[in-house]
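Below: one structure, written as structure tokens.
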Amino acid sequence: FCIFKIINDCIMIQKTLFSFIVLVFSYQLSAQKTTPTIKNEADVPSYKLPHLFTSKDGMEIDTSSEWERLRRPEIHSYFANQVYGVVPGQLDFHNVEVLDDEPAALGGKAIRKQVNLNFKKGNKSVSMSLLIYLPAGKKKSPVFLAYNFKGNHSVSPDSAILINGKKESELSGEELKKFNVSGRGGRTSRWAIDKMIDAGYGLVTIDYNNVDPDKNDFSDGIHAIFYKTGQTAPAKNEWGSLSAWAWGMSRILDFLETEVLVDHKKVILFGHSRLGKTALWAGANDRRFSIVISNNSGCGGAALSRRRFGEKVSDINTNYPHWFAKNFHNFNENETALEVDQHMLIALIAPRPVYVASASQDSWADPKGEFLAAKEASPIYRLYGKKGIVMEKLPPVNTPFHGSVGYHLRKGKHDVTDFDWEQYIKFADQHFQSN
């Protein structure tokens, strides 16, 4: 009996020790996810960026045709499988519902259209509700295509804007609360609609939650329509929410190609913050977008990951685990293992114009890292005979540079302002007038 008790005690000690080791290991993993935020340039680790011009088999890329044939597909495939996630199939919109067609909106200077793009597969469906403003009196207009955060009704005080495709009187009490009806016009400051219309540009916008609600839940939104039998979440290399939102941008462009009042060869993709990340990835995937604009997109967008300044890969994957492919979580606290960095994402957009914008008080998004990524992508633009970033250092605030790669550091915080829109309109004018 004593021998049995001793053996049993030893087993219990071993189990306790094992549990302690597991606990310590788990704590270490948790601690890795919460390493201190780098706020000073002196603390940025030394790093070496992956080569844009060297293919996996060691071939040096010297021409734009070699880039297109060899290196670009390698980089794009890596981003798709290891960072954002691949789209697991194809699906066209089922039908289009025209909900509103007003020829004299905004005091008579704009056409307002509101439509639903309906997607259906089996017994599952998703509707994407678009708000469109176009300059009145033009046969075809270039447009800015952009997601919004708070619903179409938030971008303008226009009382005729539908809320998730419905009139206010048609909404239930639960819907009135869910869609924040009281927020009508609450984000007007971010949408310089009058400036766009006066300059001859239209706006096409949609609440990004229409495509995939921004939460760690893959049972709703567009993902579930693509699941195979028994599947409840994307595979490790399949699309997270950012890739789904990018997919939605392309489907909207499919529709705009059928809209006679839109110049579908002059669709400018714009995104702020997480939607700036989305715009860059959508622009890399779909070469029909004529210009791509990233506003304060930060980690996973325009900022170099290896700098680890402000928001890091581990931060973004911990706080927003649904945004990227699950494979991207393998690089938490391990950015140097990535075969790509964000300058390569910007390079995938070449030779089409791309604009990266930062804000001086937005350290979380790493303005210097965004500038450096745009600068490091510029040699690919030069392969096409285009003008990339020529400055060696981060420029002074409110001093925009407009080449084929554009950049500005705006004074202020993480936001979208009239100054930003003024630059984007000038940038578009420059490139459309030169074609």
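The values are calculated or read from the model by the stated rules, or taken from the named source; none is laboratory data. Remember, it's a predicted structure, so these values are computed and weren't measured experimentally. Backbone-built Cβ (ideal geometry, glycine too); neighbour counts: all protein chains shown. The area values use the complete protein model at the heavy-atom level, side chains included, leaving out ligands, DNA and RNA. Shrake-Rupley method; radii C 1.70, N 1.55, O 1.52, S 1.80 Å.
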Would you please list the contacts, defined by Cβ atoms under 7 Å and residues six or more apart or on different chains, that run from a residue in the range 418-435 that is in contact (Cβ under 8 Å) with a residue 40 or more places away in the chain to a residue that is acidic (Asp, Glu)? none
Within the range 156-185, residues closer than 27 Å to LYS277 by Cβ, out of contact with any Ser or Thr (no Cβ under 7 Å at 6 or more places or on another chain) and in a loop (DSSP other than H, G, I, E, B) come out as ILE161, PHE179, ASN180
Restricting to helices (runs of 4 or more DSSP H) lying wholly in the range 241-342: which have 1 or more residues that are open to solvent by 10 Å² or more (accessible area, probe 1.4 Å) and without any contact (Cβ under 8 Å) to a residue 24 or more places away in the chain? 313-319
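Here's the yes/no breakdown for (1) modelled with pLDDT under 95; (2) within 17 Å of GLY151 (Cβ to Cβ); (3) open to solvent by 30 Å² or more (accessible area, probe 1.4 Å):
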| position | (1), (2), (3) |
| --- | --- |
| LEU171 | yes, yes, no |
| ASN180 | yes, yes, yes |
| ARG190 | no, yes, yes |
| VAL204 | no, yes, no |
| ASN210 | no, yes, no |
When ASP220 is run through (1) under 17 Å from the mean Cα position of the chain (by Cα); (2) within 25 Å of GLY151 (Cβ to Cβ), the failure sits at (1)
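For residues that are in a loop (DSSP other than H, G, I, E, B) and either closer than 22 Å to SER250 by Cα or open to solvent by less than 30 Å² (accessible area, probe 1.4 Å) (or both), tally how many sit in the range 123-155.
Total meeting the criteria: 5.
Could you please let me know if PHE427 is more than 19 Å from PHE270 (Cα to Cα) and either open to solvent by less than 20 Å² (accessible area, probe 1.4 Å) or modelled with pLDDT of 95 or more (or both)? Don't jump to the end; show me each part of the working.
Values: more than 19 Å from PHE270 (Cα to Cα): no; either open to solvent by less than 20 Å² (accessible area, probe 1.4 Å) or modelled with pLDDT of 95 or more (or both): yes.
Criteria not met by PHE427.
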State which residue pairs qualify: first residue under 21 Å from HIS431 (Cβ atoms) and inside the range 402-414, second residue among the acidic types (Asp, Glu) and at pLDDT 95 or above in any location, beta carbons under 7 Å apart, and separation of 6 or more residues or different chains. ARG410/ASP420
Could you list, ordered by first residue, the pairs with Cβ atoms under 9 Å in which the first is in the range 44-64 and at positive phi and the second is surrounded by fewer than 13 Cβ atoms within 10 Å (Cβ to Cβ) and modelled with pLDDT of 95 or more, at least 6 apart or interchain? none
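Filter the range 212-240 down to residues that are of a type in the set (Val, Ile, Thr), in a loop (DSSP other than H, G, I, E, B) and more than 30 Å from ILE111 (Cβ to Cβ) and give me whichever is most open to solvent (accessible area, probe 1.4 Å). Spell out how you get there, then give the answer.
In the first step, residues of the range 212-240 are kept if they are of a type in the set (Val, Ile, Thr); the result is 222, 225, 229, 232.
With the extra rule that they be in a loop (DSSP other than H, G, I, E, B), the set shrinks to 222, 229, 232.
Those still in the list that are more than 30 Å from ILE111 (Cβ to Cβ) too: 229, 232.
Numbers: THR229: 148, THR232: 109 Å².
Step by step, filter the range 212-240, then rank; the result is THR229.
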Answer yes if at least one residue in the range 355-364 is over 24 Å from VAL155 (Cα atoms) and in a helix (DSSP H, G or I), and no otherwise. yes
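Residue-wise test of (1) in contact with a Phe, Trp or Tyr (Cβ under 7 Å, 6 or more places away or on another chain); (2) over 30 Å from HIS94 (Cβ atoms).
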position	(1), (2)
LEU261	no, no
THR278	yes, no
ASP286	no, no
SER297	no, yes
LEU304	no, yes
GLN342	no, yes
